[in-house]
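Colleague: I'd like to ask you about the structure that follows.
The values are calculated or read from the model by the stated rules, or taken from the named source; none is laboratory data. What you see is a predicted model; the values in this text were computed from it and never measured. Using ideal geometry, Cβ is built from the backbone for each residue, glycine included, and neighbour counts are taken over all protein chains shown.
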Amino acid sequence: MKKTVELHARPELPLVIAHRGARGHAPENTLTSATLAHTVHADLWELDVNYTRDGKLVVMHDDTLVRTTNVEKVYPGRPSYRVCDFTLDELKRLDAGSWYAGRDQFGTIAAGELTAETLATFTGLNVPTLEEALLLTRDFDWAVNVEIKNHEHLIGHTTVTEDVLKLIRRLDMVERVIISSFQHRYLLECHKLCPEIATGALVEAVRPTDPVALCRELQVNAYHPDRLILAPGDLPALRDAGFAVNVWTVNDMDEAKRLIDEGASGIITDFPAACRTALGRD
């Protein structure tokens, strides 16, 4: 199998990683958003994994379905709208795209970057399963960052890592995937169960006292920090220690260029096309 992106080590070129797909111009965590990210030549895309009530792995960022689907309309009065309280069949009845036109969260609609015809194609988009997302990635001869959401207070805390890895192996995609998580226990489990797969430590809010030591402890390949918690010297120290550093979520392209100049390996962004241009990748 051709390895489409170097995920295990520091890449020769800065990586452009499409955050939940090209979500600046399409509904996040849908196959449409992923396809757009591939079309604009992002090096890989990033998605989020949650469990359904019947133990299926689906692509959804939030613990609940309210923000990015019409769940309240389809299932009015449900006592809970958490992903883990719905079966996969129930999720597949939801529209995961229509919300986008009414929210314009990035101002791209007001700026005229999306036509009415394009917005109309978002109506009726499904919540994809992880398998559907991985198969799309494989069909594109591409790569993906699979973020396993923290299930500590949900179903599946002790099984989610193994289930994700089983699926990745069954589809023969180990070399096309980097697994990341804020739940660092999952990264240690990945190293134990599938040491050949790339992993990245997600961190936010509070900077670890010693990012290099954290990466060594977790035996990861990459450090994925919130852009707001980087300290002077972090990027060169991590790179010198052999760790890739993919910073999120960077939508200011001057900032993206500065971070790469300072030593970042990759940029996780909602605007992969603009990021590629800014980094001289086109």
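Colleague: So which of Ala133, Ala111 is of a type in the set (A, V, I, L, M, F, W, C) and free of Cβ contacts under 8 Å to residues at least 12 places away in the same chain?
Modeller: Values: Ala133 fails: free of Cβ contacts under 8 Å to residues at least 12 places away in the same chain.
Result of the check over Ala133, Ala111: Ala111.
Colleague: Out of the residues in the range 2-45 that are at pLDDT 95 or above and among the basic types (Lys, Arg), state the one that is farthest from the chain's Cα centre (by Cα).
Modeller: For the range 2-45, the residue satisfying everything is Arg23.
Colleague: Residues in the range 166-225 that are touching a strand residue (DSSP E or B) at 6+ places or on another chain (Cβ under 8 Å), of a type in the set (D, E, K, R) and under 15 Å from Ala143 (Cβ atoms): how many?
Modeller: Of the residues in that region, 1 qualify.
Colleague: Consider only pairs whose beta carbons are under 7 Å apart and that are at least six residues apart or on different chains; among these, list those whose first residue lies in the range 158-178 and is among the hydroxyl-bearing types (Ser, Thr, Tyr) and at pLDDT 95 or above and whose second residue is surrounded by 15 or more Cβ atoms within 10 Å (Cβ to Cβ) and not in a helix (DSSP H, G or I).
Modeller: These pairs meet every condition: Thr161/Ile148.
Colleague: I would also like to ask the following. In this structure, is Leu119 in contact (Cβ under 8 Å) with a residue 12 or more places away in the chain and surrounded by fewer than 17 Cβ atoms within 10 Å (Cβ to Cβ)?
Modeller: In short, no.
Colleague: Identify, from the list Thr249, Thr269, Thr199, the residue that is within 20 Å of Leu13 (Cα to Cα), in contact with a Lys or Arg (Cβ under 9 Å, 6 or more places away or on another chain) and of a type in the set (Ser, Thr, Tyr).
Modeller: Thr249
Colleague: For Leu187, all conditions in the list (1) more than 17 Å from Leu47 (Cα to Cα); (2) in contact with a helix residue (DSSP H, G or I) (Cβ under 6 Å, 6 or more places away or on another chain) hold save one; what is the number of the exception?
Modeller: Every listed condition holds for Leu187 apart from (1).
Colleague: Another question, then. Leu202 versus (1) of a type in the set (A, V, I, L, M); (2) farther than 18 Å from Thr159 by Cα; (3) part of a helix (DSSP H, G or I): which is the lone unmet condition?
Modeller: Result: Leu202 fails condition (3) only.
Colleague: Right, next: Tell me, which helices (runs of 4 or more DSSP H) wholly within the range 206-264 include 2 or more residues that are surrounded by 14 or more Cβ atoms within 10 Å (Cβ to Cβ) and within 20 Å of the chain's Cα centre (by Cα)?
Modeller: Once the helices (runs of 4 or more DSSP H) in the range 206-264 are filtered for at least 2 residues that are surrounded by 14 or more Cβ atoms within 10 Å (Cβ to Cβ) and within 20 Å of the chain's Cα centre (by Cα), what remains is 211-218, 253-262.
Colleague: Within the range 82-92, is there a residue that is in contact with a Leu (Cβ under 6 Å, 6 or more places away or on another chain), hydrophobic (A, V, I, L, M, F, W, C) and more than 28 Å from Trp142 (Cβ to Cβ)?
Modeller: Scanning the range 82-92, I find at least one residue that is in contact with a Leu (Cβ under 6 Å, 6 or more places away or on another chain), hydrophobic (A, V, I, L, M, F, W, C) and more than 28 Å from Trp142 (Cβ to Cβ), so the answer is yes.
Colleague: Give me the pairs: first residue in the range 68-80 and closer than 24 Å to Asp48 by Cα and part of a helix (DSSP H, G or I), second residue among the charged types (D, E, K, R) and modelled with pLDDT of 95 or more, beta-carbon distance under 6 Å, and six or more apart or on different chains, which are they?
Modeller: Matching pairs, first to second residue: Val74/Arg93.
Colleague: For residues in the range 161-205 being among the small types (Gly, Ala, Ser) and buried (at least 23 other Cβ atoms within 10 Å of the Cβ), which is farthest from Leu135 (Cα to Cα)?
Modeller: So the residue we want is Ala201.
Colleague: Return the only residue of Val16, Val49, Val59 being in contact with a His (Cβ under 9 Å, 6 or more places away or on another chain), touching a residue at least 60 places away in the same chain (Cβ under 8 Å) and either of a type in the set (Asp, Glu) or buried (at least 24 other Cβ atoms within 10 Å of the Cβ) (or both).
Modeller: Val16
Colleague: Name the pairs whose Cβ atoms lie under 6 Å apart, with the first residue in the range 220-236 and farther than 18 Å from Ser181 by Cα, the second modelled with pLDDT of 95 or more and among the β-branched types (Val, Ile, Thr), and 6 or more positions between them or separate chains?
Modeller: Hits for this filter: Leu235/Val245.
Colleague: Oh, and also: Across the range 132-191, which residue is nearest to Leu218 (Cα to Cα) among those that are of a type in the set (Val, Ile, Thr) and part of a helix (DSSP H, G or I)? Spell out the reasoning first.
Modeller: Initial filter on the range 132-191 (of a type in the set (Val, Ile, Thr)): 137, 144, 146, 148, 155, 158-161, 164, 168, 174, 177-179.
Narrowing further to those that are part of a helix (DSSP H, G or I): 137, 160-161, 164, 168, 174.
Details: Thr137: 27, Val160: 18, Thr161: 15, Val164: 18, Ile168: 21, Val174: 19 Å.
Per the stated criteria, the residue is Thr161.
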